[in-house]
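Below is one structure; the comments refer to it alone.
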Amino acid sequence: MGTFLSKLKESGKLQETRCEDCELINIAPTFSCERYFATLDQLVEMPDRGKLVTHAINHEDIEGNKYTRLKIVGMVSVEGA
């Protein structure tokens, strides 16, 4: 996970782990495949294009406390993933 975060901070590029047996893609990277339990130790750079699928604008936290600034969260479908 350290290499993933370092690369993201340095270059703004997302990386993934991909299982060679079932081609399951994990963003952020994990250490093993959830289907085949294979060790995943190779990071692959993700494409820098995608499509915003959905988003949410949060005005308050889970306890009902108002944020001083809105929190915006999006789900992106990455090309090639």
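Can you report the number of residues in the range 1-16 which are assigned to a loop (DSSP other than H, G, I, E, B), in contact (Cβ under 8 Å) with a residue 24 or more places away in the chain and farther than 18 Å from C33 by Cβ?
2
When you go through N58, N26 one by one, which is the residue that is open to solvent by less than 80 Å² (accessible area, probe 1.4 Å), more than 18 Å from the chain's Cα centre (by Cα) and polar (S, T, N, Q)?
N58
Which condition from (1) closer than 18 Å to E79 by Cβ; (2) open to solvent by less than 90 Å² (accessible area, probe 1.4 Å) is the one that V53 breaks?
Only one criterion is unmet by V53, namely (2).
So how many residues does the range 17-75 have that are farther than 24 Å from G2 by Cα and outside any strand (DSSP E or B)?
Total satisfying the criteria: 7.
The values are calculated or read from the model by the stated rules, or taken from the named source; none is laboratory data. Just so we're clear, the structure is a prediction, and the values are computed from it rather than from any experiment. Methodologically, a virtual Cβ is constructed for each residue, glycine included, from the backbone with ideal geometry; neighbour enumeration extends over all protein chains shown. Accessible surface is based on the protein model in full, side chains and every heavy atom, while ligands, DNA and RNA are left aside. Shrake-Rupley method; radii C 1.70, N 1.55, O 1.52, S 1.80 Å.
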